[in-house]
Structures are given as structure tokens and as C-alpha cells.
1. On the basis of being of a type in the set (G, A, S) and crowded, with 21+ Cβ neighbours inside 10 Å, does A442 make the cut?
2. Given the options D342, D314, D321, name the one that is crowded, with 19+ Cβ neighbours inside 10 Å and within 30 Å of R158 (Cα to Cα).
3. Can you name every residue in the range 464-506 that is open to solvent by 50 Å² or more (accessible area, probe 1.4 Å), among the charged types (D, E, K, R) and at pLDDT below 90?
4. So which residues in the range 165-187 are in contact (Cβ under 8 Å) with a residue 60 or more places away in the chain and out of contact with any helix residue (DSSP H, G or I) (no Cβ under 9 Å at 6 or more places or on another chain), if there are any at all?
5. Just one of (1) open to solvent by less than 70 Å² (accessible area, probe 1.4 Å); (2) touching a helix residue (DSSP H, G or I) at 6+ places or on another chain (Cβ under 8 Å) trips up A638, so point out which.
6. May I ask you to verify whether V220 is outside any helix (DSSP H, G or I), touching a Leu at 6+ places or on another chain (Cβ under 9 Å) and either modelled with pLDDT of 85 or more or of a type in the set (D, E) (or both)?
7. What number of residues in the range 134-178 are crowded, with 16+ Cβ neighbours inside 10 Å, on the phi < 0 side of the Ramachandran plot and in contact with a Gly (Cβ under 8 Å, 6 or more places away or on another chain)?
8. Can you tell me which residue within the range 540-555, out of those that are among the β-branched types (V, I, T) and open to solvent by 10 Å² or more (accessible area, probe 1.4 Å), is nearest to A389 (Cα to Cα)?
Amino acid sequence: LAGLSLPVLAHLLSRRKFDVVQWGAMQFLELGRRTRRRIRLEELLLLLLRMGIILLVVLAVARPWARGSLFAGLSGGPSRDVVYIIDGSYSLGWEGRHVTPHAAAIQWVHEALERLRPGDTVGLLDARGQVRGVIDPATSDLNLVRQELAKLPEASGRSQLSPAIRQAVEMLSAGTNLRRDVVVLTDGQALPWDLSNQAAWTRLDTILKDAAVQPDLWIVDVGSKGEVERVNFSVDRLELSRELTVPQFTVRIQTTVRQSGGIATRRKVYFEVNGQRLDDKTLDVQLPPDGDASVQFEHQFAAVGSYLVSVVLDGDHLPGDNRADAAVVIAEGLPVLLVDGDPQADPVRSETFFARSALTPGGVASPWVRASVMTAADFDAADLEGQTAVMLCNVPRLTPPQITALQEFVAAGGGLVVAPGDRTVADAWNELHAGGAGLLPAAFQSVATEEQAETRPVSITNDSLQLPWTTMFREDSPDAGFELTRVRFSQWWRLDVPGGVAASVAAPAAADNDALFPGTTRQAWRRQARPPVTQVAARLNTGDPWIGTRSYQRGTVVQLAGPVDDAWSTLPGRRALAPLLHELVFLLAGHQRGRNVETGSPLLFELPAGERADAYVFLGPLNQERAPSPAGDELHPALRLNDTALPGVY
């Protein structure tokens with residue numbers, strides 16, 4: 001309106017008052033009435049023309065549009081910014097029809113592209129465990145979109161749709177068209193929506209409300225509505241007793257085989273190493289309708305190297321969950337540093353005597369663990385170089401440089417075992433606990449004695465040994481001869497576990513977290529990155545924790561409630577000491593390898609000495625070469641792969 005008023009003001013201002021001087025000859029030049037009217041009409045038309053030009057500019061900037069038959073002949077509708085989200089979870093790979101739902105979703109987008117007009121822009125997101133921006137930012141080059149659709153990998157793994165929608169809305173906020181659409185193509189499964197994650201949906205609502213132009217959200221169900229009941233067999237994620245071990249040391253592989261729908265039936269479960277099926281390890285399990293069965297395999301690797309272990313089922317209509325894989329690294333003897341907090345002139349009375357004898361027995365040419373000993377006073381950061389784990393035995397307190405060195409060591413993937421004793425200064429160590437946010441898994445309270453206990457003798461309860469690496473010490477396991485539950489304790493430190501987290505094994509996570517049947521009894525577990533929560537791996541019959549473990553960035557810390565010598569328990573007199581310490585070492589060392597990670601987590605590969613970075617490439621799940629980026633430093637060069645959005649073997 002202000003712009004339209006400018007020509008009017010200019011016209012009014014131009015009508016200035018002049019002095020009239022009578023001059024006789026001018027009477028013969030006086031304009032006629034018709035001429036005066038024509039001039040006024042021309043001035044009015046000029047005024048309207050100037051106002052019309054400004055009006056057109058304003059309308060061009062405002063870009064008004066309307067729907068309805070009245071305007072159908074004037075325009076084909078407003079231009080659109082549209083983002084297509086294709087659900088890439090493994091349930092869209094169902095092969096029970098002539099085309100999978102994933103292929104149907106891709107075809108649906110192809111057909112939708114044909115209906116777009118010049119000026120429309122398109123974005124494309126591949127929703128999996130990590131949202132992958134295939135076309136981001138949006139483009140008007142529809143041929144490019146068609147090419148990228150042809151490159152989409154097959155459906156696999158799980159998916160999360162709320163982050164995908166949020167990313168699509170953020171992508172549309174940079175658009176220029178007034179009509180904006182988000183189109184989600186999925187198969188109607190509930191788990192990708194993750195409705196229990198209210199925080200994610202609250203963030204999405206906030207983004208939608210803050211959007212200058214709110215987009216329309218469309219859901220396209222490309223599933224198989226009206227089909228008969230679908231029966232599916234699946235394998236959960238593999239749980240390894242250890243990811244790093246040595247030749248001829250048993251590795252236990254546990255998982256759960258599930259049936260969705262169907263009737264009671266038997267199913268063969270196969271075990272493979274590097275793709276080779278071991279017929280002598282094939283199992284035949286009974287599966288009830290909508291039920292499951294736990295399976296366990298044991299294997300010893302003969303030589304040093306990296307191995308791929310797999311649990312495989314016979315094929316069905318949903319191949320994406322018929323196998324589960326994990327990587328196991330077999331290495332030479334692992335270097336471990338034992339720090340003695342109470343050195344003695346008599347080696348037998350030292351805090352590390354039994355630990356070193358159990359880990360590196362004398363007379364063995366190639367021990368599984370190469371343990372070295374030093375005193376707490378001499379220990380510094382240089383001593384951690386090349387170590388896979390360090391065990392602090394009855395160390396009274398740590399100096400600030402020692403604390404910094406240990407924090408950096410564990411954060412980089414190293415392992416730490418804290419075995420307290422009578423010299424432990426609780427207040428000094430509790431500063432490392434920092435209320436649950438520090439390096440130490442639990443806080444030290446006070447020393448308890450057997451005389452104070454209501455239940456005697458004090459021992460480890462069988463039911464508390466639930467974690468994969470502790471089940472071998474249970475009384476009902478094939479290795480019951482280790483006698484860990486028969487160890488008697490005369491003293492122990494009471495540990496304050498943050499939040500009172502009880503001993504429990506993390507529920508096995510289905511490889512893809514998709515339920516085939518809404519409302520069935522199948523329970524889908526989501527395995528996230530390891531949270532900084534203390535797990536109690538073993539508990540005394542007094543209720544006190546005896547082993548607590550917790551991740552600390554890339555590494556792991558294990559805290560015992562007492563020493564590993566014979567001062568407070570009969571542990572050295574039982575056969576459990578050597579296997580227990582070996583299990584701890586393999587548990588801690590395994591996290592340094594980073595071979596079994598979540599999708600989206602970067603992969604690191606340490607370069608062998610003298611090797612060049614350009615001599616290596618990563619091969620993804622589809623055998624596509626992926627260029628790595630340099631990592632590490634001059635002393636420890638490494639390669640890094642950030643693009644791990646697709647689940648599978650790299």
C-alpha cells in the first residue's frame with residue numbers, strides 16, 4: 001500500500017499553483033473542453049500505469065496462488081519442494097510377493113517424479129539406523145534423482161523415521177517454493193517410528209511449529225496389506241564372550257533364534273567361520289509359535305588373524321535377518337601391566353605375585369598374556385605405551401599425572417582393573433568416581449568382614465553371573481570346575497554402584513529391530529552405544545557387588561571389591577583365578593579393536609609399520625570401495641572410515 005501511494009503523492013505534488021498573468025493574445029490559444037478532458041484522462045492513465053507497475057512487483061514478490069476450478073486454466077498449481085524418505089529397514093526386503101516393498105517404494109518415487117513440474121525441487125533420504133542424505137540439498141535435476149534411486153542398497157538393518165522426518169523438515173526450510181511436502185514410504189511396521197521416544201517427537205513438533213512454511217506430511221504404505229499371515233525366522237545379534245583372544249582359547253558365541261507367527265517347528269542353525277560352514281557345529285532347535293530359543297557355539301581358533309563368525313538359518317521370505325555376523329581377532333600374547341601398590345622384599349608376599357603367576361606362568365614359551373610388574377611409585381604415562389590393559393593392585397592413591405595418564409589410556413580404548421586392598425584410601429579413589437561421571441565405576445564405602453555378615457560363608461552367588469564372559473563360572477555351566485562360587489571371602493570393600501544398577505545381562509538385540517506382526521509377543525530390543533552405566537558382573541551373597549564394570553569413552557574399567565591375592569579370600573587357592581583374570585584381560589583388550597560397532601560409528605584401522613595409506617581401501621557390505629581418510633599421528637598412523645550407515649561386514 002505504501003508503494004501504491006507513491007505515484008499518487010507524486011501526482012498531487014506536481015499540481016503546483018501558478019500566478020496567472022492576463023495576456024490578450026492568449027485568448028486565441030485557450031484549450032477547448034474536449035482537449036482538457038483528454039489531457040486529464042492521459043494523466044489518470046499514466047498514474048494508474050505507474051501504480052500498476054508497482055502492484056505487479058509486489059505481487060511477484062508475494063507469489064500468491066490459489067486452488068480450485070476457477071484458477072485451473074490460469075496455472076498448473078504452485079511449485080513444490082518435496083523430500084522423499086524411503087524406509088530402509090530389513091522388513092521392506094520381504095520376498096513373499098513378486099516385488100519387495102523396498103522395490104515398490106523406489107518405483108513409487110519414480111512414478112511421482114513424472115508428475116512433477118519444472119521448478120519443483122526434490123530431496124531424497126535413506127532412513128536406516130543412521131539417516132543418509134542421498135539428495136541433500138534438494139535439486140530440480142530429476143535425472144540425478146533417478147540415478148541415485150537406482151543406486152540405493154537393499155533393505156537391511158533397522159531404521160528410525162523420526163530423525164529422518166526432522167532432517168527432511170530442516171532441508172525444506174531452505175526451499176523457495178510455498179508448497180512443501182514430506183513423503184515417507186514405509187511398510188507399516190511400528191518399530192521404525194519409535195513412538196516411545198517422546199523426546200524425539202517433541203523436537204520434531206518444535207521444528208514444525210518454527211517452520212516459516214509448514215510442510216504437509218504424507219505416509220505411503222508400500223507393505224503387503226491383506227496378505228495371509230507371514231512366518232519369519234530370525235537371528236538376533238551375536239554376543240561374544242570375547243572379541244579378542246589368543247590361539248587355542250575358547251570363544252563362546254551366544255544368540256537367540258526367533259520365530260514370528262507359524263506353528264511349532266524345528267529349525268537348523270548353522271555356524272560359519274569366514275564363510276565356511278562347520279557341519280559338526282550345526283544345531284537343531286525347537287521353536288514355538290511367536291517364540292524363541294537360545295543357542296550357543298564354542299570355537300577355538302588355531303592361528304593369529306582376524307575372523308568372521310556367523311550364525312545362519314535356512315532361507316525364508318525375509319533374508320535380511322537370516323544371519324548375524326561378528327568379528328573376532330586372534331592375537332599373540334597380550335601385554336598387561338601390573339602395578340604393585342604394596343611391594344615386598346619377599347616376592348611371594350607382593351600384591352601382584354598370584355596375578356602374574358596366573359597370567360604368565362613360568363616355563364611357558366608363548367603365554368596368552370605377557371604380564372609385567374612395576375611399583376606404583378615408579379608408574380607413569382610412558383609405561384602404558386603398547387599395553388592392552390593395566391591392573392592396579394592395592395594402590396593407595398594416584399598422583400595427578402598418573403590419573404591423567406590412565407584417563408587418556410582408557411579413553412583411547414585401553415582397559416583398567418582396580419583391585420583394592422587394605423592400603424586403599426577410599427576418599428582419594430572416590431574423587432575418580434565423581435558421583436558416577438568419573439573413571440571409577442563405583443565409590444568405595446567401607447571394609448566389611450565375614451563376622452559382620454548374616455550369611456556365612458560369604459561367597460559369590462551363582463545367579464549373579466549373567467554377563468556373557470561370566471557364565472562360564474556358573475555352577476551349572478560345562479566349566480563348573482572353575483569353582484568361583486566356592487571362593488570364601490573374609491573381607492571386602494562395600495561398593496556404592498550408581499543408581500543401584502543390578503547385575504543383569506544386556507538383552508540381546510535383534511539385528512534389525514523390526515517386528516513383523518503388530519501386537520505379537522515378540523520383543524524387539526534396541527542395542528545402542530554402550531552407556532556409561534555400571535554393570536555388576538558378580539555379587540556376594542551379602543548383596544554387595546564384587547565386580548563392577550563400566551565403559552569409559554572407548555575403553556572399559558573393571559572394579560573389584562578386594563585384592564586378587566590370598567589376604568582377603570581363598571581365590572588363589574581355587575582354579576578360578578587364572579581363567580577369571582584371562583577373561584578380564586580379553587574383555588578389556590577387545591574394546592581396543594573396535595571391530596564390532598554400531599552403524600554410523602567410524603571404523604579405525606591401524607597401519608602396519610612402513611605401510612602407505614594410499615595402498616588401502618575399505619570394502620563396504622556391497623563390496624563397494626570406500627576411500628578412507630587419514631587418522632592417528634606420525635607415530636601411530638591409521639585410516640578412518642566415517643561412512644558406515646549401512647549395516648554389514650566391512
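The values are calculated or read from the model by the stated rules, or taken from the named source; none is laboratory data. Everything numeric here is computed off the predicted structure, so don't read it as measured data. Because the Cβ atoms are built from the backbone with ideal geometry, glycine has one as well, and the counts that use them run over all protein chains shown. To get the accessible areas, we keep the full protein, side chains included, count just its heavy atoms, and leave off ligands, DNA and RNA. Shrake-Rupley method; radii C 1.70, N 1.55, O 1.52, S 1.80 Å.
1. Working: of a type in the set (G, A, S): yes; crowded, with 21+ Cβ neighbours inside 10 Å: yes.
So A442 passes the test.
2. D321
3. E475, D476 - these are the residues of the range 464-506 that are open to solvent by 50 Å² or more (accessible area, probe 1.4 Å), among the charged types (D, E, K, R) and at pLDDT below 90.
4. A168, M171, L172, G175, T176, N177, L178, R179
5. Checking A638 against (1) open to solvent by less than 70 Å² (accessible area, probe 1.4 Å); (2) touching a helix residue (DSSP H, G or I) at 6+ places or on another chain (Cβ under 8 Å), the one that fails is (2).
6. When the stated conditions are applied, V220 passes them.
7. Qualifying residue count for the region: 16.
8. T549
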